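**Q** Input: one structure, supplied below.
Bear in mind these aren't lab numbers, they're just calculated from the coordinates by the rules spelled out. Just so we're clear, the structure is a prediction, and the values are computed from it rather than from any experiment. Note that each Cβ is placed from the backbone with ideal geometry, even for glycine, and that neighbours are counted across all protein chains shown.
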Amino acid sequence: MEKLASSQTDLVALLAENHELIDENRRLREKLQKTERFERYRLEQTPMGDFILQLKDKHVTDEEPTHAICTYCREEGKLSYLSEGSHRYRCRTCLRSAWIKPVERRPRSRTVRSGI
Ligand SMILES: [Zn+2]
């Protein structure tokens with residue numbers, strides 16, 4: 001009888017361990033899937049020296065046109081699309097910019113200068 005009780009205790013421990021392993025496996029699979037999303041992108045430098053992650057050519061399709069994502073958000077595990085303007089890419093999530101070319105600044109007006 002004592003042997004039976006001991007076997008039941010072992011079985012309960014094994015079931016608990018099995019449950020933990022299933023949980024861990026699920027967590028690792030989710031983590032891997034999140035990481036794999038970013039393998040479709042390559043690091044690219046803009047003419048102004050900033051970095052973006054550009055979708056690799058082999059992944060560009062009619063349903064997924066060429067686009068870039070944010071390198072900063074990627075570090076946080078987030079996939080954030082960049083909007084592309086004439087001077088810069090801009091992340092809609094963290095609001096950081098990756099500059100393509102400098103903005104030409106207009107000379108300041110005299111009224112602003114006289115205030116200094
Ligand atoms: Zn971002």
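**Q** Given the structure, is ARG90 assigned to a strand (DSSP E or B) and not small (Gly, Ala, Ser)? Spell out the reasoning first.
**A** Details: assigned to a strand (DSSP E or B): yes; not small (Gly, Ala, Ser): yes.
So ARG90 fits the description; yes.
**Q** From THR93, THR46, grab the single residue that is free of Cβ contacts under 8 Å to residues at least 24 places away in the same chain and either surrounded by 12 or more Cβ atoms within 10 Å (Cβ to Cβ) or within 16 Å of the ligand (Cβ to nearest atom) (or both). Step through it out loud before you land on a result.
**A** Working: THR46 fails: free of Cβ contacts under 8 Å to residues at least 24 places away in the same chain.
Just one listed residue meets the conditions, THR93.
**Q** Still on this structure: Just one of THR9, THR35, THR66 is β-branched (Val, Ile, Thr), part of a loop (DSSP other than H, G, I, E, B) and surrounded by fewer than 14 Cβ atoms within 10 Å (Cβ to Cβ); which is it? Lay out the reasoning, then the answer.
**A** Details: THR9 fails: part of a loop (DSSP other than H, G, I, E, B); THR35 fails: part of a loop (DSSP other than H, G, I, E, B).
The conditions single out THR66.
**Q** Let me ask another. Could you give every pair whose Cβ atoms fall below 7 Å, whose first residue belongs to the stretch 62-80 and is free of Cβ contacts under 8 Å to residues at least 24 places away in the same chain, and whose second residue is more than 8 Å from the ligand (Cβ to nearest atom) and hydroxyl-bearing (Ser, Thr, Tyr), counting only separations of at least 6 or pairs across chains?
**A** The qualifying pairs are HIS67/TYR81.
**Q** Out of all the residues in the stretch 69-87, which are over 24 Å from GLU30 (Cβ atoms) and either small (Gly, Ala, Ser) or part of a loop (DSSP other than H, G, I, E, B) (or both)?
**A** Applying the first criterion (over 24 Å from GLU30 (Cβ atoms)) to the stretch 69-87 yields 82-87.
Result: SER83, GLY85, SER86, HIS87.
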